[in-house]
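Since the structure comes first, as structure tokens, the remarks are kept for the end.
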Amino acid sequence: MIVMGIDPDKGWAIADHGRPREDRILGAGSLHGLHEMFPLLRELNSDTGLQIDEVRIEQPNNKHAYNREGQSTTAMKSIAVNVGENLGKGDAIYYFCLGLGLNAIRTSPIKNGTKLNAKQIESLTNWKARTNEHSRDAIII
């Protein structure tokens, strides 16, 4: 089963769950917005693409802003805006995937394990290419 994990903050990864764990990751990377994500999804879903079985889109569990000790009102408003934008991007990707006929689900990376650093990802998956936080989230998803 080929699964694509997407972090709406710009990360993606593709894994083949039919392979041994250390060889599952087929690709991972960063994108600079929905204008790059939609063509990638369309290409991967084409007749010559990978034929993705499932798209898992990160949807954070924390859907509300709350006061954090030591944070200014301006900082809290900025965090709330970022959370809202991330949820909006996730919704756009989710509905785009459904429109392409892909099996899309929303999930949390924490649900699938804790956030991992690059060394932990390499140890777990044998993926040696450079990753950022968002592509690692997509790998875990």
Sum of -39500 (n - 2.57) over DSSP H runs of 4+, divided by residues of the chain (222 nm, nearest 500):
-12000 deg cm²/dmol
For 127, 12, order by how many other beta-carbon atoms lie within 10 Å, fewest first
127, 12
Each residue of the range 8-24 in turn: what ³J(HN,Hα) in whole Hz from Karplus with 6.51, -1.76, 1.60 and θ = phi - 60°, glycine and Pro shown as x?
x, 6, 3, x, 8, 8, 10, 10, 9, 6, x, 9, x, 3, 6, 10, 6
Share antiparallel - DSSP beta bridges, the chain, percent rounded to 5
60
Derived scalar couplings ³J(HN,Hα) [the range 82-96; Karplus, 6.51 cos²θ - 1.76 cosθ + 1.60; whole Hz; x for Gly, Pro]
4, 4, x, 5, 4, 5, x, 5, x, 4, 4, 5, 4, 6, 5
Hey, can you grab everything whose amide H is under 5 Å from the amide H of residue 55? Only 5+ residues off in sequence or another chain; H modelled, so Pro and N-termini drop out.
4, 103, 104, 105
Quick one: among 120, 71, 51, which has the greatest mean-square fluctuation in a GNM of the chain with alpha-carbon springs under 10 angstrom?
71
Mind putting a number on the dipole of the range 72-132 about its Cα centre? Charges go on the C-beta only, +1 for Lys and Arg and -1 for Asp and Glu, and I need it in Debye to the nearest 20.
200
On a 0 to 90 degree scale, rounded to 10, what angle separates helix 34-44 from the longest Cα axis of the chain?
20
Could you identify which residue out of 115, 89, 77 has the top mean-square fluctuation in a GNM of the chain using Cα springs shorter than 10 Å?
77
Modelling each spin label as a point 7 Å along the Cα-to-Cβ direction, I'd like the residue 40/residue 103 distance in nm, to one decimal.
2.2
For labels at residue 133 and residue 115 in the simple 7 Å Cα→Cβ model, what's the distance in nm?
0.4
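Read the figures in this text as sums done on the coordinates, not as results from a lab. Nothing here was measured: the structure is a model prediction, and the numbers come from that model. Methodologically, a virtual Cβ is constructed for each residue, glycine included, from the backbone with ideal geometry; neighbour enumeration extends over all protein chains shown.
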